Every structure is written in C-alpha cells, then in structure tokens.
1. Using a probe of 1.4 angstrom, how much of the accessible area of the chain is carbon and sulfur, in percent?
2. Quick one, which of [x] 1.13; [y] 2.07; [z] 1.67 is the actual Cα Rg over 2.2 N^0.38 Å calculated for this model?
Amino acid sequence: MNLAPRVETAVISDADLDNVSGGMAAGGSGGLHVETPIADLCADVLAVASPEGVAAGGFLNASAG
C-alpha cells in the first residue's frame, strides 16, 4: 500500500499567474534616517496601487539624544 500523496504538476502562463495572484500592481517606497548629536529622525512611506484599489502608509519616529 502506497501512502505517498499524489502530486500533479501543471504549466501556468504569466498572465494566468497574474490573475491568480491578484493582478498587476505598482508601488513605491522610501525612507529617511537623520542622526544628529541632538536627535534621531526616521521616516518611511509606502504606496501600492492595484486593480483592487490603492493603499498607502507612513511611519515617523523621533527621539532625543
């Protein structure tokens, strides 16, 4: 008795894979880190656009030295 699971492979095109994974998307991100004797400042931004909508976010952190 063979208890190994059966696996079937298939070939999928790039276009079909885009549809499965949610379609094409575009995005961008950036960051900034400034360190001075007085304070540290960190900032990050992120934006993503896809056929389902747009998402954006940001982060800002400042600390006194």
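1. On the way: 3490 of 5730 Å².
For the chain, the apolar C and S fraction of the accessible surface comes to 61 percent.
2. Computed from these coordinates, Cα Rg over 2.2 N^0.38 Å corresponds to label [y].
The values are calculated or read from the model by the stated rules, or taken from the named source; none is laboratory data. The structure presented is a predicted model; accordingly, all values stated were derived computationally and were not measured. Only protein heavy atoms, including side chains, enter the accessible area calculation; ligands, DNA and RNA are left aside. Shrake-Rupley method; radii C 1.70, N 1.55, O 1.52, S 1.80 Å.
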